[in-house]
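Below is one structure; the comments refer to it alone.
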Amino acid sequence: MEIVHKIGRRKTAVARAYVSKGTGNITINKRELDNYFTTSTLRYKVLQPLTLTDNEKNYDIKVNVFGGGVTGQAEAIRLAITRALVAIDEDYKAILKPEGLLTRDPRMVERKKFGQKKARKKYQFSKR
């Protein structure tokens, strides 16, 4: 099996995942998974597609991720890994799609409008 390359996005974070046969090593920006994501919740998000398909020790994954915050990056990595697993084996789609892992979250930050403090917040109105 050759290396499978897929992209995942969330908010402004973009993750490029390279999945190949291996022993379960996950490297994110040349750092180990445990060093890059310190909280267990973020590590769970990254490993979720692998645990659902019972592939924790079957693939080596290298990820380049940039932009956004830690949660957005973790979810972008999750989407990239999910897409790569589906590209490797089409049967995984039946497991991962009901969990909502194949859908790209379209929510983005709303832009600030002129004449306002933020996207929706207005300047204080004074009648007199």
Exercise. Kindly provide the set of residues from the range 1-14 that are farther than 9 Å from Gly67 by Cβ and in contact with a strand residue (DSSP E or B) (Cβ under 7 Å, 6 or more places away or on another chain), ordered by number.
Key: Met1, Ile3, Val4, His5, Lys6, Ile7, Gly8
Practice problem: State which residue pairs qualify: first residue at positive phi and inside the range 95-122, second residue part of a loop (DSSP other than H, G, I, E, B) in any location, beta carbons under 8 Å apart, and separation of 6 or more residues or different chains. | Solution: Gly115/Tyr123
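Out of the strands (runs of 3 or more DSSP E) lying entirely within the range 1-44, which hold 1 or more residues that are touching a helix residue (DSSP H, G or I) at 6+ places or on another chain (Cβ under 7 Å) and without any contact (Cβ under 8 Å) to a residue 40 or more places away in the chain? Break it down into steps so the answer makes sense when it comes.
Working: elements: 4-10, 13-21, 26-28.
Once the strands (runs of 3 or more DSSP E) in the range 1-44 are filtered for at least 1 residues that are touching a helix residue (DSSP H, G or I) at 6+ places or on another chain (Cβ under 7 Å) and without any contact (Cβ under 8 Å) to a residue 40 or more places away in the chain, what remains is 26-28.
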Self-check item: For Ala87: the one exception among (1) exposed (fewer than 15 other Cβ atoms within 10 Å of the Cβ); (2) free of Cβ contacts under 8 Å to residues at least 60 places away in the same chain
Solution: (2)
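Taking the range 46-90, which residues are charged (D, E, K, R) and part of a helix (DSSP H, G or I)? Explain how you work it out, then say what you get.
Of the range 46-90, the ones charged (D, E, K, R) are 54, 56-57, 60, 62, 75, 78, 83, 89-90.
Matches in the range 46-90: Glu75, Arg78, Arg83.
Readers should treat all values here as calculations from the given coordinates under stated rules, not as data from a laboratory. Just so we're clear, the structure is a prediction, and the values are computed from it rather than from any experiment. Backbone-built Cβ (ideal geometry, glycine too); neighbour counts: all protein chains shown.
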